[in-house]
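**Q** First the structure, then my questions, so here it is.
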Amino acid sequence: MSLTPRDIETSLASPSFRRLRARSGQSLIVIAPYLSPRSRELLAREDISYLDLTGNVRILSEYPAVWIQQEGARNDPTAKQRPSRGVRGAAAGKLVRVLVDVRPPYGVTELSQVARVDAGYASRVLETLEAEALVDRGRRGRVIDTDWELLLRQRARAVDLLNPRESISYVAPDDAMATFARLDRLAQQEAVVTGSLAASRIAPVAAPVLLALYTLRDRDEIAERLNLLPVSEGANVVLIRPQNTGPFFNAVPSPPVMFAAPSQTVIDCLSGNGRMPAEGEAVLEWMRQDQNAWRAESLDAATWPPWVQR
């Protein structure tokens, strides 16, 4: 039997645990048959050591000075239920975006309608996210709170912005910013700018060197309009046809294109390479400072571009 993140979060918040920790003044260790990555993350955040029977170990002690850490299994080897849906998969990506971009509360049916996914699927994903302590649910399964930052981090770990199955890399005759200035050639091409350039609009870290565009249009046609040449290395432009329409959710109009919402920008930057993760962290910091600047108060305020079909 594994110790779930929800079990750990409930225990850490209990008055009895707080009293025990205050009185003992000693290092604590949790031992279990299996601890998931999220369970280990919650324990490490509280500086609590852990050990499971699959080899996941993190033991810290000031006296005597000890630091032991190693990775074991990432999945419970004794689990008999269907594999966790979590934040992986195309439809899960849309659910994560709505959970992050819109303040709760809302029910499963409302959520699934806005995310454009099956209600039964949404319910199963929410069960997993609740067990992972990423969402809180009240009566009748209504979502009442979300750990939006960790949802973004988890989703970023599950995707790859530059996945060659979805993206084509190009080199422009000048640079990313000059190519961006030519995007007026893409009128009606339905493109969404993400990655470094989208991050620089919100929280500049350095001059963008890569232009990443989501599009549902023909990428060869876009490349021809922008004078792009396909390359395997040294790209400064990437055209991405996503597996799901989630990246277009809540996109910000900026004719003739749109910019990805801050949450999508964070996912893409954290899953990117080079300095992109640092750019994602800068956007995350901006998001923490003022949720009103980017988070919708209700599902009614969430938007899809008119050209994104159900």
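The values are calculated or read from the model by the stated rules, or taken from the named source; none is laboratory data. Quantities reported herein were computed from a predicted structural model and do not represent experimental measurements. Methodologically, a virtual Cβ is constructed for each residue, glycine included, from the backbone with ideal geometry; neighbour enumeration extends over all protein chains shown. The accessibility values were calculated without ligands, DNA or RNA, using every heavy atom of the protein model including side chains. Shrake-Rupley method; radii C 1.70, N 1.55, O 1.52, S 1.80 Å.
**Q** May I ask you to list pairs of residues, at least six apart or on different chains, whose Cβ atoms are under 7 Å apart, with the first in the range 226-245 being closer than 16 Å to Pro208 by Cβ and the second being assigned to a loop (DSSP other than H, G, I, E, B) and open to solvent by 20 Å² or more (accessible area, probe 1.4 Å)?
**A** Close Cβ pairs (under 7 Å, with a partner that is assigned to a loop (DSSP other than H, G, I, E, B) and open to solvent by 20 Å² or more (accessible area, probe 1.4 Å)) amount to Leu226/Arg182; Asn236/Asp175; Asn236/Val209; Asn236/Leu210; Val238/Leu162; Val238/Leu210; Ile240/Glu166.
**Q** On to the next question. Would you list the helices (runs of 4 or more DSSP H) that sit entirely within the range 171-242 and hold 1 or more residues that are more than 18 Å from Ser263 (Cα to Cα) and open to solvent by less than 70 Å² (accessible area, probe 1.4 Å)?
**A** By residue number, 176-181, 219-225.
**Q** Go through the range 54-93 and give me each residue that's under 28 Å from Arg18 (Cα atoms), outside any strand (DSSP E or B), at pLDDT below 85 and not aliphatic (A, V, I, L, M).
**A** The answer is Glu62, Tyr63, Pro64.
**Q** In the range 103-128, what residues are in contact (Cβ under 8 Å) with a residue 60 or more places away in the chain and among the aromatic types (Phe, Trp, Tyr)?
**A** Scanning the range 103-128 gives a single hit, Tyr106.
**Q** Scan (1) in a helix (DSSP H, G or I); (2) at positive phi; (3) not charged (D, E, K, R) for the single condition Ala133 breaks and write down its number.
**A** Only one criterion in (1) in a helix (DSSP H, G or I); (2) at positive phi; (3) not charged (D, E, K, R) is unmet by Ala133, namely (1).
**Q** Among (1) without any contact (Cβ under 8 Å) to a residue 40 or more places away in the chain; (2) open to solvent by less than 20 Å² (accessible area, probe 1.4 Å), there is one condition Leu161 misses while meeting the rest; what is its number?
**A** Status for Leu161: all satisfied but (1).
**Q** Got at least one residue in the range 265-288 being in contact with a Lys or Arg (Cβ under 6 Å, 6 or more places away or on another chain), outside any loop (DSSP other than H, G, I, E, B), crowded, with 16+ Cβ neighbours inside 10 Å and not charged (D, E, K, R)?
**A** Of all residues in the range 265-288, those in contact with a Lys or Arg (Cβ under 6 Å, 6 or more places away or on another chain) come to 267.
Restricting the remaining residues to those that are outside any loop (DSSP other than H, G, I, E, B) gives 267.
Filter once more, so that each one left must be crowded, with 16+ Cβ neighbours inside 10 Å: 267.
Subset that is not charged (D, E, K, R): 267.
Taking every residue of the range 265-288 in turn, at least one turns out to be in contact with a Lys or Arg (Cβ under 6 Å, 6 or more places away or on another chain), outside any loop (DSSP other than H, G, I, E, B), crowded, with 16+ Cβ neighbours inside 10 Å and not charged (D, E, K, R).
**Q** If I ask for residues that are part of a loop (DSSP other than H, G, I, E, B) and more than 27 Å from the chain's Cα centre (by Cα), which ones from the range 26-53 would you list? Reasoning before the result, please.
**A** To start, the set of residues in the range 26-53 that are part of a loop (DSSP other than H, G, I, E, B) comprises 26-28, 33-34, 36, 46-48, 53.
Once the filter is applied, which keeps residues that are part of a loop (DSSP other than H, G, I, E, B) and more than 27 Å from the chain's Cα centre (by Cα), the range 26-53 yields Gln26, Ser27, Leu28, Pro33, Leu53.
**Q** Within the range 143-158, which residues are assigned to a strand (DSSP E or B) and open to solvent by 20 Å² or more (accessible area, probe 1.4 Å)?
**A** Let us first name the residues in the range 143-158 that are assigned to a strand (DSSP E or B), namely 143-146.
Result: Ile144, Asp145.
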